[in-house]
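Everything on this sheet refers to the single structure shown next.
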Amino acid sequence: MSVELTYVTEKTCPLCQTEFHVTRVRSKLRTVRQDTDFNTVYEDINPLYYSIWFCSNCGYDAQDSVFSEILDQQAKKIKVFLDDCDVTIDFPGMRSREQAILLFKLAIYQSELIEAKNSRMAGLYLRLAWLYREAGDNMMEH
């Protein structure tokens, strides 16, 4: 009997208060290796693909660990940006590397809008580099 590597749960968007689904990765993963920059490579699935949550209603996205940690003035800045966007995409279920890269880039942009701490920005850029490394794209990784 195989255990599913992911599961779906509901979250509430702190910007639009809409409930939406996120795919989470179960914590029991088999490690293949850890790189010198702390990138962990797993056997069956890359949890980085699912570490950015995306509200398909309004387009807000952020890393799961800070998704709900947004101040009112920061939310206003992101809402102004998103008001001009047509959010017609959704990321349910299994994600591709390309989808994960797109979500990291959007999270970086939205984090820049709210002037997030340098440590948060560095973490997003580092994880994005790891995704490019996984793809074998040395130029984008650097």
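Each 10 Å bin, from zero up to the one with the longest distance, holds this percent of the alpha carbon pairs of the chain: 11, 40, 35, 13, 1.
Compute for the range 82-142: radius of gyration divided by Kirkwood radius, i.e. Rg/Rh, restricted to C-alpha atoms, rounded to two decimals.
Values: Rg = 12.9 Å, Rh = 12.8 Å.
Ratio of gyration radius to Kirkwood radius: 1.01.
Its DSSP H runs of at least 4 residues, each contributing -39,500 (n - 2.57), put the calculated 222 nm mean residue ellipticity of the chain at -11500 deg cm²/dmol, to the nearest 500.
Applying 0.36 nm per residue to the separation of Leu71 and Asp35 and subtracting their alpha-carbon distance, the gain on full extension is 9.5 nm.
Applying a 4.7 Å Cβ-Cβ cutoff to the chain leaves Cys85 as cysteine residues with no disulfide-compatible partner.
Taking label points 7 Å from Cα along the Cα-to-Cβ direction, Gln99 and Thr9 give a separation of 1.9 nm. Net charge dipole, the chain: roughly 360 debye, given to the nearest 20, about the Cα centre with Cβ charges of +1 for Lys and Arg and -1 for Asp and Glu. For the peptides 129-141, 47-59, residues were scored by their other Cβ atoms within 10 Å and the scores averaged per peptide; the highest-first order is 47-59, 129-141. Please compute, over every Cα-Cα pair in the range 59-117, the percentage with a separation greater than 15 angstrom. Cα-Cα pairs in the range 59-117 separated by more than 15 Å: 51 percent.
Once the 1.4 Å probe is applied to the protein heavy atoms, the range 1-124 comes out at 61 Å² accessible per residue. Only lysine pairs 8 or more places apart or on separate chains count here, and in the chain those with Cα atoms under 21 Å apart total 9.
The values are calculated or read from the model by the stated rules, or taken from the named source; none is laboratory data. Source: prediction; values computed, not measured. Because the Cβ atoms are built from the backbone with ideal geometry, glycine has one as well, and the counts that use them run over all protein chains shown. Only protein heavy atoms, including side chains, enter the accessible area calculation; ligands, DNA and RNA are left aside. Shrake-Rupley method; radii C 1.70, N 1.55, O 1.52, S 1.80 Å.
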